[in-house]
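Here the structure comes first, spelled out in structure tokens, and everything after it is commentary.
The values are calculated or read from the model by the stated rules, or taken from the named source; none is laboratory data. All values reported here derive from a predicted model rather than from experimental measurement. Counting neighbours? That spans all protein chains shown, and the Cβs are built from the backbone with ideal geometry, glycine included. Side chains included, ligands, DNA and RNA excluded: accessible areas come from the protein's heavy atoms. Shrake-Rupley method; radii C 1.70, N 1.55, O 1.52, S 1.80 Å.
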Amino acid sequence: MAHSTAGKLRRHTWKALAVACAAAAVFASPHGRDEGQIEGTGEPFTMVGLAHAQHDHGPEKKVQIWTCSMHPQIRLPNPGKCPICGMDLIPAGEEGASDAGEKTPVPRLVLSETARRLAQVQVSPVERRPVEVTRRLVGKLAYDERRTAYITAWVSGRLDRLYVDFTGTVVEKGRPMVSLYSPELLAAQSELIHAVRAARDLTKTGLESLQATAAQTIESAKEKLRLWGLTDAQIQDILRRGTPSDHITILAPMTGTVVHKDGFEGMYVKTGTRIYTIADLSSLWLKLDAYESDLAWIGVGNRVRFETQSYPGEEFSGIVSFIDPFLDEQTRTIKVRVDVPNPDGRLRPGMFARAVLHAAMGEDRPPLVIPATAPLITGKRAVVYVAVADQPGTYEGREVILGPRADRYYVVRHGLEEGDMVVTHGNFKIDSALQILAKPSMMAPEGGGGGGMHHHGNAAPASAAQGTAGGPLNVPDAFRGQLRRVMDAYLQVHEALAADKTQEALKAAAKIRTAVDQLDMALLQGDAHMMWMRDQENIRTALGHMEASKDLDALRTGFAGLSESIAVLARDFGLGADRPLYLIKCPMAFDGQGAFWLQPDDTVRNPYYGARMLGCGEVQEILR
């Protein structure tokens, strides 16, 4: 089927060249006529979009132009059949028969009402409005370091008794924890008792200077015991007994849960030896990993909602309290700390959590925003098409500077004003028409021809064709298994588009995003981690374009970018190991620029044309 299609294309191409030559002959004739006939058919044609400045036709005359939906470069004055594929021509719009003296500083296109209806052009106003973005993050619960205490030996000795035998025990502040034998404490207690007795004897002498010295000695002895961990109550108990004790009881400094037990009975300890760790679990930290691109939306005070695997369907919440000032160069993420109340103690440190952060922009002054489907983005440029207010059916292209994307909107930094009407549907068709007319467009800012939104052409994109220079990366089987779920969902999108099923394709695209979100990046290290960060960012961008699509054509455009990213992913991580993947190209897609996709077999099912030309495509390579 693919070879038959290629043969037909070659025959139709020669026929198209014959039409072009006939047109050239007419323009070279001394009569200067703009109309001629297609040899052998008797059908008239008019060349549109060429300069006519050398002729004076008088007042500008509007003519109806007919084109092919599959080959927009065909521009004929009358209805009929496409000279390339033989399909019925459709109205393309009205254009002036004379473009003399036209010098437009910006790319403009005029569409008739019929052409606008066929192109399904829709516009929306540029407006100021508060926007909210949703970011999905993952992380783990941890102890609140501000609510953690350690029980250590403040003096050397022997642990004769531990009152808490195991971790997980809940203790209250002031509860006995350890009975410690220490000769040093025995000597310090004796020193205090003797100082008190000496002070009593000095009261009989009446010498105030000696009494003051004795009082300072008592206070120094008490302070030594305090520094060794005794409380004021314990010191008073020693004074009431009047005899020193060779054991001291260490009390719990706070109410909490024993999370570590490092000591055991009979153990000799030195000053500073840790015996217990106590944590107050009534408040926890949720440590989330945020990508660099998410930082524009994350701020201290943002509310975060999250779920845990232990309590599916139940939602918890917290407040962002700290954003790490350092970037992890291995994962390219930044830690975001969330304070989480846990009064009932159901949440435990170490639990895995999936969080959703809702961040707003423009609460004080709403930003200028446009729908996410309005800009055509390529590389560092972004172009929108604006309806000219005083000229119905006229659209002009403007290069804009975009801020961050907020779900269904883009923030506009420069290039548009409030109230401008931007094209949100049909903008690709407008841009294609400008490329055909060799006028400035998205991919050709200087005019004179264009490229494509993606890396379409006569050969596979370098990224898809080459992949990883050293072959597939060596990654854990567990991670490759998670990637297969991404590939399975991608293949479902392909089958849905080939069957012209928009909703099924969108549902499968949602499965891809879910599979990507569930991937465990902790399984990767080094180059593999960096490549996955690149690949997943490209996949998310392509999915964003697909999710914003309102019709099947826009969905297929987004699928082309997704296919390129998935092809790179398949090569990087060896996804053709358990089953072959066929890299197939349709040379006619996107106005002859071509587009690729992956299939699990070699029976061509074209996702860009569906039932119109299901078998159009050729196998370029088999990924094994």
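Of all residues in segment 211-228, count the ones that are open to solvent by 50 Å² or more (accessible area, probe 1.4 Å) and either outside any helix (DSSP H, G or I) or closer than 20 Å to ALA153 by Cβ (or both).
Residues in segment 211-228 being open to solvent by 50 Å² or more (accessible area, probe 1.4 Å) and either outside any helix (DSSP H, G or I) or closer than 20 Å to ALA153 by Cβ (or both): 5 in total.
Every residue in segment 187-203 that is in contact with a Pro (Cβ under 7 Å, 6 or more places away or on another chain) and either open to solvent by less than 20 Å² (accessible area, probe 1.4 Å) or more than 20 Å from TRP154 (Cβ to Cβ) (or both), please.
GLN189, ILE193
Got a sec? Which of VAL155, VAL170 is open to solvent by less than 60 Å² (accessible area, probe 1.4 Å) and either of a type in the set (D, E, K, R) or closer than 30 Å to ILE235 by Cβ (or both)?
Answer to the check: VAL155.
Those residues that are surrounded by 17 or more Cβ atoms within 10 Å (Cβ to Cβ) and more than 19 Å from VAL123 (Cα to Cα), I need them from segment 407-423; list them, please.
The answer is none; no residue qualifies.
I need the full set of residues from segment 599-609 which are under 19 Å from ASP553 (Cα atoms) and within 28 Å of the chain's Cα centre (by Cα), in order please.
PRO607, TYR608
All but one of (1) part of a helix (DSSP H, G or I); (2) among the polar types (S, T, N, Q); (3) closer than 27 Å to PRO253 by Cβ hold for THR167; state the number of the condition that does not hold.
Failed condition: (1).
Restricting the search to segment 582-624, which residues are assigned to a strand (DSSP E or B) and in contact (Cβ under 8 Å) with a residue 60 or more places away in the chain?
LEU583, LYS585, ALA595, PHE596, TRP597, LEU598, GLN599, GLU618, VAL619, GLN620, GLU621
Just to be sure before I move on: is ALA252 surrounded by 12 or more Cβ atoms within 10 Å (Cβ to Cβ) and at pLDDT below 85 in the structure I sent?
So ALA252 fails the test.
Just checking, does segment 437-446 include any residue being at pLDDT 85 or above, out of contact with any helix residue (DSSP H, G or I) (no Cβ under 7 Å at 6 or more places or on another chain), open to solvent by 60 Å² or more (accessible area, probe 1.4 Å) and not in a strand (DSSP E or B)?
The answer is no; no qualifying residue exists.
Please find, among VAL123, VAL133, the residue that is open to solvent by less than 40 Å² (accessible area, probe 1.4 Å), in contact with a His (Cβ under 9 Å, 6 or more places away or on another chain), part of a strand (DSSP E or B) and not hydroxyl-bearing (Ser, Thr, Tyr).
When all the criteria are applied, what remains is VAL133.
Would you be able to say whether some residue in segment 261-275 is open to solvent by less than 60 Å² (accessible area, probe 1.4 Å) and part of a strand (DSSP E or B)?
yes
Which residue, of LEU555, LEU575, LEU491, LEU543, is crowded, with 16+ Cβ neighbours inside 10 Å, touching a residue at least 24 places away in the same chain (Cβ under 8 Å) and not in a helix (DSSP H, G or I)?
LEU575
So if I check each of ARG405, ARG398, which one is modelled with pLDDT of 85 or more and either closer than 28 Å to CYS586 by Cβ or not in a loop (DSSP other than H, G, I, E, B) (or both)?
ARG398
Please state which one of THR378, THR331, THR373 is closer than 14 Å to ASP289 by Cβ and at pLDDT below 90.
THR331
Conditions (1) farther than 28 Å from THR333 by Cα; (2) within 14 Å of the chain's Cα centre (by Cα), marked per residue:
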{"residue": "GLU547", "(1), (2)": "no, yes"}
{"residue": "ASP553", "(1), (2)": "yes, no"}
{"residue": "SER565", "(1), (2)": "no, no"}
{"residue": "ASP572", "(1), (2)": "no, no"}
{"residue": "LYS585", "(1), (2)": "yes, no"}
{"residue": "GLN593", "(1), (2)": "yes, no"}
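Give the residues of segment 137-167 that are touching a strand residue (DSSP E or B) at 6+ places or on another chain (Cβ under 8 Å) and within 21 Å of PRO341 (Cβ to Cβ), sorted by residue number.
Listed by number, the residues that qualify are LEU137, VAL138, GLY139, LYS140, LEU141, ALA142, TYR143, ASP144, GLU145, ARG147, THR148, ALA149.
At pLDDT below 85, open to solvent by 50 Å² or more (accessible area, probe 1.4 Å), assigned to a strand (DSSP E or B) and not aliphatic (A, V, I, L, M), is that true of GLU184?
no
Would you check which residues across segment 516-527 are touching a helix residue (DSSP H, G or I) at 6+ places or on another chain (Cβ under 8 Å) and either under 23 Å from LEU623 (Cα atoms) or open to solvent by less than 50 Å² (accessible area, probe 1.4 Å) (or both) and list them?
Passing the criteria: VAL516, LEU519, MET521, LEU524.
Please note which strands (runs of 3 or more DSSP E) are completely contained in segment 290-375 and include at least 1 residues that are farther than 30 Å from GLU418 by Cα and touching a residue at least 12 places away in the same chain (Cβ under 8 Å).
Filter on segment 290-375 gives 303-308, 316-323, 333-341, 352-361.
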